[in-house]
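Here the structure is laid out as structure tokens; the discussion comes afterwards.
The values are calculated or read from the model by the stated rules, or taken from the named source; none is laboratory data. Note that this is a predicted model, so its numbers are computed, not measured. Protein only, heavy atoms only, side chains kept; ligands, DNA and RNA dropped before computing areas. Shrake-Rupley method; radii C 1.70, N 1.55, O 1.52, S 1.80 Å.
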Amino acid sequence: MMRFLFTFVLFISLFSNHLRAQATGNFIKASIGYGSSSSYYIEDYGSQDEVDVMGGGLYLQGEYIIGLKSWFSIRPYAGAIFESVGKDQNLQNQPQYKVTTNAFLMGGKVRLCAPIPWVAPFIEGGIGTSIGKFETFTPNVNFNKSDVLLHIPFSIGLAVGRHNNFEIGISGYFHPAAKQSTAVFALGYNFPLD
């Protein structure tokens, strides 16, 4: 993985004057999608207590994009995830296990984008905070708090279109304190400010 990242950054550094993907300048990005949370804590893998529990719902996010290079940008963001548990999650003779996140998200991330016109793959990472209610109730975890928690965002996707204004992506928000992660499939659009 490190070799791939090194090669990717080296390629972009050498050829960034000749290729363009995302434009430099300032943009606002609006995203909407579906988020699904699950617990990533499994103490006894394969035991009788292991259950597959997930919550899902609406994901909204806005980003202020500072495009420094055609292949590199800084992105402060604010968003929200509103999830509930499906009614089919109730197991026979078991308590109602659930994993949900209903929170406001804010933080910052950076993006590396391959400078390819029309379809540009990207990868993002950063750090942020979540303010809201988190429930992770499984056989091994009992976390139910309204709190401010650290989260780690990570995204991959494609910027598409003539000016790469449309985006299709998969994101992950990892909440270590709540022992849960949220996977998001989202569509976004960039509005130029310059």
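Quick look at the values:
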| read-out | value |
| --- | --- |
| List S146, S36, ordered by accessible area with a 1.4 Å probe, largest first | S146, S36 |
| Rounded to the nearest 10 Å², the accessible area of L150 at probe 1.4 Å | 90 Å² |
| F191, F72, reordered so the largest accessible area comes first (probe 1.4 Å) | F191, F72 |
| Residue-wise HN-Hα coupling along the range 166-179, computed from phi with Karplus coefficients 6.51, -1.76, 1.60 (Hz; x: Gly, Pro) | 9, 9, 10, x, 10, 10, x, 10, 9, 10, x, 5, 8, 6 |
| Under 5 Å, built H, 5+ apart or other chain: amide partners of Q180 | Y40, H175 |
| Per-residue HN-Hα couplings for the range 106-123 [Karplus 6.51, -1.76, 1.60; θ = phi - 60°; Hz; x = Gly/Pro] | 8, x, x, 8, 10, 10, 9, 10, 5, x, 10, x, 6, 9, 10, x, 9, 9 |
| Rg/Rg_ref, the range 85-194, where Rg_ref = 2.2 N^0.38 Å and atoms are Cα | 1.33 |
| Amide H contacts of F143 (H built 1.01 Å from N, under 5 Å, at least 5 apart or other chain) | T136, F137, T138 |
| Too-long pairs where the Cα-Cα distance tops 21 Å, listed order kept, from K29/K145; K109/K145; K133/K179; K29/K179; K29/K98 | K29/K145; K109/K145; K29/K179; K29/K98 |
| For the range 182-187, 3J(HN,Hα) per residue [Karplus equation, 6.51 cos²θ - 1.76 cosθ + 1.60, θ = phi - 60°, Hz, x = Gly/Pro] | 10, 9, 10, 10, 9, 10 |
